[in-house]
Amino acid sequence: MWRVRRSAAERSGALRRAFGRARLALDDPVANRQRGPVSSSRIGFDPNGPALGHGVYGLPHTPEEARVVLIPVPWEPTVSYRRGAAKGPAAILRASRQVDLFDLHTGRPYEQGIAMLDVDPDIVRWNAEACAAAEPVIAAQGELSGDRDLEARLATVNALSRRLNERVAELATRWIERGKLVGLVGGDHSAPYGTIAAHAERYPGMGILHVDAHADLRKAYEGFTDSHASVMYNVATRHPRISRIVQVGLRDMSEDELKFIRESNGRIVAHVDPAIADRLFEGEPFHLIADAIIEDLPEDVYVTFDIDGLDPVLCPNTGTPVPGGLSFQQAVALIGRIQKSGRRIVGFDLNEVAPKDDHDDWDGNVGARLLYKLIGYALISHGSR
Ligand SMILES: [Mn+2]
């Protein structure tokens, strides 16, 4: 028998060593800059207490006061497999109140203020209209074969998608111009198109880290020009100032999408899930894989995170789950290493989070925690600690 019973003293020694290592992790310079006593008078509330406000993460900040402004976009008309992503912002908001404000990776992101805007009622209305119009088109799998009614419905969805994109871009631009760090909470993956466009305007030459099980490079899907499955195609073709798109976690894609990547001459780089898994199986440490991925990115990075890039045990109710994917720790390490490499996270979105129902909070819980890491690392990467 190789397991040896350890004495209590040895066990506590092991605990001390483990705790010492945790301390070391917190002793890194980034965490240090966030140290110092936090008094409730300085920030107006007790960060160790239960959530006080009705805001995201239980925080009391208004968008004007906050450094980070989150735009909720409950949108899912083109969802092809199962719905639920429109409930993502509410699920994340609900679950966020259970997240401890102090974060072991990023310290105290809450000190700078985080606020989620109220949902724009126009977006709710457009989503309902577009979902109703889309239903028969999805049922026909985009095979319209001259059917006037289906063609009219498709045109309605595409027009509403354009309105959504314009509205989201306006909202994002308005808050970016006020000096805020803007994040978007979807919704399906077409929801963040407008905020990606707004950031591309503000940060010419920026790159995108795109975490997803899918490439989302389809030239329209089921006839929908602004499908969740087309968002990166639209980003790539409509925004030449985006210097590079680096995709991670892909494990379900068409040959046309692969061809589109190959023909992009390196502007789109795909780190597919099977290749990452092979390297891990062969014993390559994840940090080297992560750094190789980040090497492909320019100085300014926008992160678009489809929750289905993670292992589906972390997002069981997302619209199009695929086995495989990143662990939570790997995803957090990847985001963290963007910041540690000296790059700047200029904006971000989290999409395709879908709760099972209005009471289930697992998908929302994972989403809220991942979003908090994105916020924390984005803030540190801006040097505004
Ligand atoms: Mn996606």
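No value in this document is a laboratory result; all are computed from the given coordinates. Keep in mind it's a predicted model, so treat the numbers as computed, not measured. For neighbour counting, all protein chains shown are included, and Cβ atoms are generated from backbone atoms with ideal geometry for every residue, glycine included.
For Lys259, a cut-off of 17 angstrom between C-alpha atoms picks up these aspartates and glutamates, skipping any fewer than 8 places away in its own chain: Asp216.
The aspartates and glutamates within cross-link reach of Lys340, meaning a Cα-to-Cα straight distance under 17 Å and a gap of 8 or more places when in the same chain, are Asp27, Asp28, Asp103, Asp291, Glu295, Asp296, Glu299, Asp300. The stretch between Asp46 and Glu64, if pulled fully straight at 0.36 nm per residue, gains 4.4 nm over its current Cα-Cα span.
With R₀ set to 51 Å, the beta-carbon distance separating Phe102 from Ala159 gives a calculated FRET efficiency near 0.65. Axis angle, to the nearest 10 degrees, between helix 193-202 and the longest C-alpha principal axis of the chain: 70 degrees.
Remark: the stretch 58-381 projects, on average over all directions, an area of 15.3 nm² (convex hull of Cα atoms).
When the GluC sites (Glu not before Pro) in the stretch 281-338 are filtered for DSSP coil states and for at most 14 other beta-carbon atoms within 10 Å of their beta-carbon, the remaining sites are Glu282, Glu299. Within the straight-line cut-off of under 22 Å between alpha carbons, the lysines reachable from Lys87 are Lys356, Lys373, sequence neighbours fewer than 8 places apart in one chain being disregarded. Rounded to the nearest 10 degrees, the inclination of helix 148-177 to the longest alpha-carbon principal axis of the chain is 40 degrees.
If R0 is 35 Å, the Cβ-Cβ spacing of Ala152 and Arg82 corresponds to a FRET efficiency of close to 0.85. Longest stretch of the chain clear of exposed loop sites (chymotrypsin sites (Phe, Trp or Tyr not before Pro), DSSP loop, at most 11 other Cβ atoms within 10 Å, sites excluded): 82-385. Rounded to 0.05, the FRET efficiency of the Arg202 and Ser145 pair, given R0 = 45 Å and the Cβ-Cβ distance, is 0.55. Taking 0.36 nm per residue of separation and subtracting the Cα-Cα distance, full extension of the segment from Arg178 to Lys219 would add 11.3 nm.
At 7 Å along the Cα-to-beta-carbon direction for both Thr237 and Glu282, put a label point, then send me their distance in nm to one decimal. Reported label-point gap for Thr237 and Glu282 is 3.5 nm.
For the chain, the longest principal axis of the Cα atoms and the long axis of helix 328-340 meet at an angle of about 80 degrees.
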